[in-house]
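The values are calculated or read from the model by the stated rules, or taken from the named source; none is laboratory data. Please read all numbers here as calculations on a predicted model, not as lab measurements. Counting neighbours? That spans all protein chains shown, and the Cβs are built from the backbone with ideal geometry, glycine included.
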Amino acid sequence: MKKIVDTWYGDTVISWLKPFSALFGFVSRIRRKSYTSGSKKIYRAGVPLIVVGNISVGGTGKTPLIVYLARQLLYAGFRPGIVSRGYGSKAPSYPFHVLKDSPVKHSGDEALLIARNTECPVVIDADRTAAVKSLEQHYDCNVILSDDGMQHYAMARNIEIAVLDGRRGFGNGELLPAGPLREKPERLDEVDYIICNGESSLSFKQPAYVMTLKPRHLCHLLSGEIFPMPHVIEEMAKSREADAGGDKSVPKHKVHAIAGIGNPERFFSSLCDCGFDIISHVFDDHHAYTLEDINFDDDHEVIMTEKDAVKCMDFARKIDWYLRVDAVIDEEFIESLLSKLKTFSIEI
């Protein structure tokens with residue numbers, strides 16, 4: 001899989017895949033037209049629905065953005081609910097209501113992470129419409145966030161937010177399977193907002209805002225203790241200096257860094273920027289971890305993403321940590337979004 005992704009985000013195109021990409025694009029356009037023309041039924045929720053999605057596969061930062069939006073909406077007095085596909089989940093039945101203590105095998109990693117980091121109800125179903133209906137039936141929500149679902153046209157949406165990896169952009173610009181795109185870049189002309197995860201050199205017709213994922217804490221898997229990043233880095237540096245007899249030129253703290261996410265390099269760069277000397281280990285997105293995956297023949301600490309951590313809790317050790325990051329976006333974005341939401345009739 002990694003070789004395919006490297007090709008997608010490189011300068012080359014596997015030529016024999018291009019006819020399949022053309023077929024994919026044709027089928028996608030026909031499918032979308034069947035909804036926009038009215039030949040297929042679209043479900044419209046009783047409250048405003050915000051889709052947070054993308055036009056490419058792979059990690060763009062949707063999950064931390066969903067958490068950020070949920071917190072901002074709560075702070076503004078809204079009652080948000082969240083729907084998601086629940087990728088990798090094997091729930092007893094669907095729609096499935098995700099709680100903070102739901103087994104990760106039932107919820108999938110991203111939905112559980114969202115439930116644990118927000119005070120919002122979370123419902124998963126590959127059929128987003130079914131998830132929305134269940135959310136409306138069981139909870140008193142006045143706005144709904146859809147984690148992904150930009151191409152789920154059976155679900156009406158009031159606001160679309162597209163998330164883009166600022167560094168990787170559109171990759172080689174090809175549709176699946178020759179490239180990473182689900183839809184052509186022109187689709188972004190129709191959305192309400194574009195969020196670039198990191199600076200981008202691309203230009204857009206729609207409002208575009210830069211999102212950064214700021215490391216906040218190192219969290220210990222076993223104890224749940226939280227250590228603010230500047231503090232824990234300083235303490236590690238002092239410890240290294242003490243071990244080296246006060247020599248401030250001692251090497252950086254070496255750790256194993258593991259990532260089973262769409263763009264692991266972003267996570268590895270964050271750890272390096274925090275002052276760690278990393279030994280990187282890449283796994284497929286949504287990888288189902290076992291102890292053997294994170295068991296290395298040394299005593300170096302292991303630092304993983306929070307998305308990976310929810311799948312490693314059952315066999316966590318003293319050396320296992322995860323990095324918690326928060327999305328940071330210009331306040332102008334949330335002010336604009338809240339202003340747009342107020343144009344709908346919402347009881348707060």
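Within the stretch 252-277, track down each residue that is closer than 20 Å to residue 197 by Cβ, surrounded by fewer than 18 Cβ atoms within 10 Å (Cβ to Cβ) and not hydrophobic (A, V, I, L, M, F, W, C). Give the derivation first.
Here is the first cut: in the stretch 252-277, the ones closer than 20 Å to residue 197 by Cβ are 257, 259-274.
From the residues that got through so far, the ones that are surrounded by fewer than 18 Cβ atoms within 10 Å (Cβ to Cβ) too are 265, 269, 272-273.
Listed by number, the residues that qualify are 265, 269, 273.
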Practice item. For the stretch 101-119, state whether one or more residues are in the same structural domain as residue 63 (by TED's automatic domain parsing), within 18 Å of residue 69 (Cα to Cα), buried (at least 24 other Cβ atoms within 10 Å of the Cβ) and of a type in the set (S, T, N, Q). Key: no
Revision key, fill the gap. Considering the stretch 40-62, residues that are among the basic types (Lys, Arg) and over 16 Å from the mean Cα position of the chain (by Cα), and then whichever is surrounded by the fewest Cβ atoms within 10 Å (Cβ to Cβ), we arrive at 41
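Determine if the stretch 63-86 includes at least one residue that is within 21 Å of residue 175 (Cα to Cα) and either crowded, with 20+ Cβ neighbours inside 10 Å or touching a residue at least 60 places away in the same chain (Cβ under 8 Å) (or both).
no
Applying the selection to the stretch 300-348, what residues are free of Cβ contacts under 8 Å to residues at least 12 places away in the same chain and within 24 Å of residue 104 (Cα to Cα)? Break it down stepwise before answering.
Of the residues in the stretch 300-348, the ones free of Cβ contacts under 8 Å to residues at least 12 places away in the same chain are 314, 331, 335, 339, 342-343, 345.
314 - this is the single residue of the stretch 300-348 that is free of Cβ contacts under 8 Å to residues at least 12 places away in the same chain and within 24 Å of residue 104 (Cα to Cα).
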Review point. Name the pairs: first residue in the stretch 135-151 and more than 20 Å from residue 337 (Cβ to Cβ) and assigned by TED's automatic domain parsing to the domain that holds residue 81, second residue of a type in the set (Gly, Ala, Ser) and part of a helix (DSSP H, G or I), Cβ to Cβ under 9 Å, at least 6 apart or on different chains?
Key: 151/28
Exercise for review: Considering each of 161, 144 in turn, give the residue that is of a type in the set (Val, Ile, Thr), closer than 16 Å to residue 68 by Cα and out of contact with any Phe, Trp or Tyr (no Cβ under 7 Å at 6 or more places or on another chain).
Suggested key: 144
Point to revise | Unique residue being of a type in the set (Lys, Arg), touching a Gly at 6+ places or on another chain (Cβ under 6 Å) and at pLDDT 95 or above when the list is 116, 79, 157, 128 | key: 128
Revision key, fill the gap. Of the residues in the stretch 48-79, those that are closer than 15 Å to residue 122 by Cα and part of a loop (DSSP other than H, G, I, E, B) number 1
Review point. Is it true that some residue in the stretch 179-192 is under 24 Å from residue 325 (Cα atoms) and at pLDDT 95 or above?
Key: no
Check your understanding: surrounded by 17 or more Cβ atoms within 10 Å (Cβ to Cβ), under 28 Å from residue 311 (Cβ atoms) and touching a helix residue (DSSP H, G or I) at 6+ places or on another chain (Cβ under 9 Å): does that describe residue 176?
Key -> yes
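Do you know which residues across the stretch 301-316 are exposed (fewer than 15 other Cβ atoms within 10 Å of the Cβ) and touching a strand residue (DSSP E or B) at 6+ places or on another chain (Cβ under 8 Å)? Let's see the steps before the verdict.
Step one: filter the stretch 301-316 for residues exposed (fewer than 15 other Cβ atoms within 10 Å of the Cβ), giving 313-314.
Hits for the stretch 301-316: nothing passes.
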Revision key, fill the gap. Within the stretch 262-318, restricting to residues that are polar (S, T, N, Q) and under 23 Å from the mean Cα position of the chain (by Cα), the one that is farthest from residue 59 (Cα to Cα) is 290
Review point. Are any residues in the stretch 307-348 more than 23 Å from residue 162 (Cβ to Cβ), assigned to a loop (DSSP other than H, G, I, E, B) and among the basic types (Lys, Arg), and if so, which ones?
Key: 311, 317, 318
Check your understanding: Can you pull out the residues in the stretch 10-39 that are over 28 Å from the mean Cα position of the chain (by Cα) and loosely packed, with under 10 Cβ neighbours inside 10 Å?
Key -> 15, 16, 30, 37, 38, 39
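Residue-wise test of (1) farther than 15 Å from residue 325 by Cα; (2) modelled with pLDDT of 90 or more; (3) assigned to a loop (DSSP other than H, G, I, E, B); (4) assigned by TED's automatic domain parsing to the domain that holds residue 65.
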| residue | (1), (2), (3), (4) |
| --- | --- |
| 200 | yes, yes, yes, yes |
| 206 | yes, no, yes, yes |
| 241 | yes, no, no, no |
| 247 | yes, no, yes, no |
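Condition test on residue 280, is it in the same structural domain as residue 322 (by TED's automatic domain parsing), within 20 Å of residue 197 (Cβ to Cβ) and in contact with a Phe, Trp or Tyr (Cβ under 6 Å, 6 or more places away or on another chain)?
On the way: in the same structural domain as residue 322 (by TED's automatic domain parsing): yes; within 20 Å of residue 197 (Cβ to Cβ): yes; in contact with a Phe, Trp or Tyr (Cβ under 6 Å, 6 or more places away or on another chain): yes.
Here the answer is yes, as residue 280 does meet what is asked.
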Review point. Being part of a strand (DSSP E or B) and touching a Leu at 6+ places or on another chain (Cβ under 7 Å), is that true of even one residue in the stretch 113-120?
Key: no
